[in-house]
Amino acid sequence: MTSFRLIMSLTKEEKSYIKKLGKRIVAIREEKGIKQKELSDLLDMDDGSLRRIESGRTNPTTTTLLSLSKALNVDVSELFQFK
């Protein structure tokens, strides 16, 4: 499953946004008491892909964000609740 796009071609602002998104995913996962490995297993995603998403090193696809929100039991809009 391809779940991301490398962010090398993105602007500085876009890269910053993706980092904030990754931090928000981590915050929600930790609030739910879910370990990174557990979440990657729920998503049928390799650990490295999830680590890259959470660290803001990749731009997750819309379908990946939808899968993440379902696995975390939150509305997809909650992933974007950051400043």
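Just so you know, all these numbers are worked out from the coordinates, no wet-lab data involved. Small disclaimer: the values here were computed from a predicted structure and weren't measured. Every residue, glycine as well, gets a Cβ built from its backbone with ideal geometry; the counts of neighbours run over all protein chains shown.
Couple of notes before you dig in:
- Placing dummy labels 7 Å off each Cα toward the beta-carbon, the span from residue 57 to residue 30 is 1.9 nm.
- Estimated from helices alone, the mean residue ellipticity of the chain at 222 nm is -17000 deg cm²/dmol (sum of -39500 (n - 2.57) over DSSP H runs with n ≥ 4, per residue).
- Placing +1 on each Lys and Arg Cβ and -1 on each Asp and Glu Cβ, with no other charges, gives the chain a dipole about its Cα centre of roughly 400 debye.
- Calculated from backbone phi, Karplus (6.51, -1.76, 1.60) coupling profile of region 45-55 in Hz, x at Gly/Pro: 10, 6, 3, x, 5, 5, 4, 5, 5, 5, 8
- Fully extending the segment from residue 41 to residue 13 would add 7.0 nm, taking 0.36 nm per residue of separation and subtracting the current Cα-Cα distance.
- Kirkwood Rh, Cα atoms: Rg over Rh of the chain: 0.93
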